[in-house]
1. Anything in the stretch 232-253 that is touching a helix residue (DSSP H, G or I) at 6+ places or on another chain (Cβ under 6 Å) and surrounded by fewer than 17 Cβ atoms within 10 Å (Cβ to Cβ)? List them, or say none.
2. What are the residues in the stretch 149-166 that are in contact with a helix residue (DSSP H, G or I) (Cβ under 8 Å, 6 or more places away or on another chain) and either on the phi > 0 side of the Ramachandran plot or open to solvent by 10 Å² or more (accessible area, probe 1.4 Å) (or both), if any?
3. Just checking, does the stretch 85-99 include any residue being more than 16 Å from the chain's Cα centre (by Cα) and more than 17 Å from F207 (Cα to Cα)?
4. Pairs needed: first member in the stretch 128-148, on the phi > 0 side of the Ramachandran plot and open to solvent by less than 40 Å² (accessible area, probe 1.4 Å); second member anywhere, outside any helix (DSSP H, G or I) and of a type in the set (F, W, Y); C-beta distance under 7 Å; at least 6 residues apart or different chains.
5. Give the residue, chosen from D148, D187, D127, that is within 24 Å of L51 (Cβ to Cβ) and not polar (S, T, N, Q).
6. Can you tell which of A228, A224 is hydrophobic (A, V, I, L, M, F, W, C), touching a Ser or Thr at 6+ places or on another chain (Cβ under 6 Å) and in contact (Cβ under 8 Å) with a residue 12 or more places away in the chain?
7. Is at least one residue of the stretch 117-132 under 16 Å from the mean Cα position of the chain (by Cα) and assigned to a helix (DSSP H, G or I)?
8. Being touching a helix residue (DSSP H, G or I) at 6+ places or on another chain (Cβ under 6 Å) and either more than 18 Å from A242 (Cβ to Cβ) or open to solvent by 40 Å² or more (accessible area, probe 1.4 Å) (or both) is the filter here, so list the residues in the stretch 53-74 that pass it.
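The values are calculated or read from the model by the stated rules, or taken from the named source; none is laboratory data. Just so you know, these numbers come straight off a predicted model, no measurement behind them. Cβ placement follows ideal geometry from the backbone for every residue including glycine, while neighbour counts extend to all protein chains displayed. Just so you know, the surface numbers come from the protein's heavy atoms only, side chains and all, with ligands and any DNA or RNA stripped out. Shrake-Rupley method; radii C 1.70, N 1.55, O 1.52, S 1.80 Å.
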Amino acid sequence: MSAADNVSASPAADLDTTVPAGGLSPEGLEVLLREIGARRYHDLHPFHKLLHGGKLSRQQVRAWALNRYYYQATIPRKDAALMSKMVDRAMRLEWRRRYFDHDGIGDDEGGIARWLRLTDALGLPRDYVVSARGILPGTRFACDAYLDFVRQTTLLEGIASSLTELFAPGIHSERISGMLANYDFIDEAMMGYFTRRLDQAPRDVEFALNYVKERARTAEAQQAVVDALLFKTQVLWAQLDALHLAYVEPGLVAPGAFQP
């Protein structure tokens, strides 16, 4: 097997994600969703092991931060698309907190601004980061596919795709401790985005998980929820595939992308 095949292979290809014909209880659905996270979330990707373990160069970390910005900037656009499908005002008010978490409101600068503080500190010109000129094609295609998915599918599926946040606090904690311990060019101020998400993600996911469990009562609806979460894990995994292949092994950086 080639190095490229190794990176792209799923860590749990044998996971059965088929909802039985009779459907699952709400609790059974949650168990399956959490199992998907345990076996398909991108914390298992080799690139993350390198990142958190201090095995990347400063230039490779810069490449990660640059490409990840495009994903961060996609999130509020995704949330706006979801809110456009919400007829109930109370639900829109609940969900818009997510939008403001990223774009900011009032005295809260928002997650995107905190991410730009990270790229600033890594020496990446802000105009270059925001323009997305230097991102990899794989990053662009994965993030744009996620936005298109939310725009084109049902509200239930769109909300289900956000449930990767069930597993986010763990990876954020690992990232904060690992990068602070292993890189002398990383400090606590640069980790501000992840520190804030330790509180935000659990709050957000509680609403989304309850919504999915309440609304997905048929086998068909539950399968749509499962498939939406699987799709989102693939979006996240594909972004790391692109980074690993370009900046770790075999070093296939696309024309026009950031060159360390």
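1. Hits for the stretch 232-253 are E249, L252, V253.
2. F149, R151, T153, T154, L155, L156, E157, E165, L166
3. Looking for residues that are more than 16 Å from the chain's Cα centre (by Cα) and more than 17 Å from F207 (Cα to Cα), one finds none in the stretch 85-99, hence no.
4. No pair meets every condition.
5. Unique residue meeting the criteria: D187.
6. Selected residue: A228, the only one of A228, A224 that is hydrophobic (A, V, I, L, M, F, W, C), touching a Ser or Thr at 6+ places or on another chain (Cβ under 6 Å) and in contact (Cβ under 8 Å) with a residue 12 or more places away in the chain.
7. No; the residues of the stretch 117-132 include none that is under 16 Å from the mean Cα position of the chain (by Cα) and assigned to a helix (DSSP H, G or I).
8. G54
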